[in-house]
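Heads up, the thing below is written out as structure tokens.
The values are calculated or read from the model by the stated rules, or taken from the named source; none is laboratory data. Here the structure is a predicted model, which is why all the values come from computation and not from measurement. Ideal geometry is used to build each Cβ from the backbone, glycine not excepted, and the neighbour counts take in all protein chains shown. When the accessible area is computed, the model is the full protein with side chains, heavy atoms only, and any ligands, DNA or RNA have been set aside. Shrake-Rupley method; radii C 1.70, N 1.55, O 1.52, S 1.80 Å.
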Amino acid sequence: MEGDPKGGHGLVSESGLVSAHTIDSDSWRQVGLLLVTGYSCGYILSFSNLMLVPLGWTWGIISLIMVAVFTAYSSWLLAGFHFVNGQRFIRYRDLMGSLFGQEMFYLTWVSQVLILLITNMGFILLGGKALKEINGEFGDTPLRLQYYIMITGAAYFVFSILVPTISSMGKWLYLSTVLTFTYIVVLLVVVIKDGLKSNRVNDYETKGNNASKIFNGFCAISAIIACNSAGIIPEIQSTLRMPAVKNMRKALHLQFSVGLAFYYGVSIAGYWAYGSSVSEYLPADLSGPKWAKILINSVVFTQSIISQHAFIAPVHEALDTKFLKLDKGIHSRENIKRLFFLRALLFAVNTVVAAALPFMGDFVNLLGSFLLIPLTFLFPSMIFIKVKGEAAKIEKIWHWAIIIVFSVLTVATTIAAVRLIVNNVAKYYLFADT
């Protein structure tokens, strides 16, 4: 198999794999950096509020640990099924369709598309809020959030043209790493300073009656799942050099060690410093100095341009493979107009929806429950049972237990997420300046 490391040419392999994006070109370190910085993006600025406020210290820490362990295990397991009976699968939907039929192909693909689109809208909203916070530091009357959302959507669009594939992100990932650790270190210093100097006794008590606490707790678990997984392991793995399974597992080790320490660390520090009153956007709680808040928000905006690309890349790949000429370079004269139109259409729709519905926190919970739990936990165990069959009878009991437990969790968290949206529906209105 051959491939342009910059994602310049479509690929047709001997085994029949076809993609407009590059296959077999990236090192495990590059993919590891992608996972570490991608999951340590500006989304983590909401995690203290989304994950720990509804659960409190005890259940919060237990849930963080348990979800991380099971997510790491399921991701490690799924990475091992990149090859099944000698056939390679570079897309999750193809793997599920081959093993379980056409219905599972479409169910997997629709779930992934919805997750990735909602995630991208969340990134656009995140970038818009960061820009608004910066503007707010220089005046008391910042523009409406929607203007900043449009700026963010335009920036993401330009980046997607210049850097069309995951493999072409190489040097940008090093920049993303520097930006990620810069804003996280500055943020932690200010948060810890606020926590140590605070004269008030923080309230860590979970709010509401018993029923509300239970439902809110399930919503928090959904958010924890969303912060650890995106349901695109095979798509990311397809970019790796051989041996793809071994290299993907090395990259996952990096995510669930270095990466986890940072995005969990910020979440725990924010909750410790500000308690149950911690904001949905952590920089809004910082006491200062002014330069630190400006720096954090500036870096969050810039870093989000890079991180969002990794999570929307499978959608780009599907569109590019369908509509571009695969025998030509992705930036060739024959393809550039199509590339421009496809990216413009995608980001125009996502930007309009993000501007119209700037309430992504509630929808992250729904994303993590109804769609992401099956992709992350159920499907890998289903694949194991299907592929290993009678050769692993004892292991089958373990995987059936995972399927049953997480099926129940899917139902419970989905009900909780829908309930939260219904309860908050009175606060929603189109193009709100939140």
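Results, tabulated for the structure shown:
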read-out	value
Count of residues meeting criterion [surrounded by 13 or more Cβ atoms within 10 Å (Cβ to Cβ) and within 16 Å of residue 70 (Cα to Cα)] in the stretch 399-434	9
Scope the stretch 91-122; condition hydrophobic (A, V, I, L, M, F, W, C) and open to solvent by 10 Å² or more (accessible area, probe 1.4 Å); matching residues	99, 100, 104, 105, 107, 109, 110, 113, 114, 117, 118, 121
Condition check for residue 261: small (Gly, Ala, Ser), in contact with a Leu (Cβ under 7 Å, 6 or more places away or on another chain), closer than 29 Å to residue 193 by Cβ and open to solvent by 10 Å² or more (accessible area, probe 1.4 Å)	no
Residue satisfying all of: in the stretch 301-359; hydroxyl-bearing (Ser, Thr, Tyr) and over 18 Å from the mean Cα position of the chain (by Cα); surrounded by the most Cβ atoms within 10 Å (Cβ to Cβ) among these	321
Qualifying residue in the stretch 360-379 (condition: open to solvent by 30 Å² or more (accessible area, probe 1.4 Å), over 22 Å from residue 215 (Cα atoms) and in a helix (DSSP H, G or I))	no
When residues of the stretch 267-280 are limited to those that are open to solvent by 20 Å² or more (accessible area, probe 1.4 Å) and not in a helix (DSSP H, G or I), the one farthest from residue 36 (Cα to Cα)	279
Hits in the stretch 156-215 (condition: among the hydroxyl-bearing types (Ser, Thr, Tyr), farther than 30 Å from residue 312 by Cβ and open to solvent by less than 50 Å² (accessible area, probe 1.4 Å))	198, 206, 212
From 50, 35, residue being open to solvent by 10 Å² or more (accessible area, probe 1.4 Å) and on the phi < 0 side of the Ramachandran plot	50
Helices (runs of 4 or more DSSP H) contained entirely in the stretch 25-143, each with at least 2 residues that are at pLDDT 90 or above, within 22 Å of the chain's Cα centre (by Cα) and within 30 Å of residue 277 (Cα to Cα)	28-39, 56-79, 102-138
Some residue of the stretch 284-300 being in a helix (DSSP H, G or I), open to solvent by less than 20 Å² (accessible area, probe 1.4 Å), more than 13 Å from residue 47 (Cβ to Cβ) and at pLDDT below 90	yes
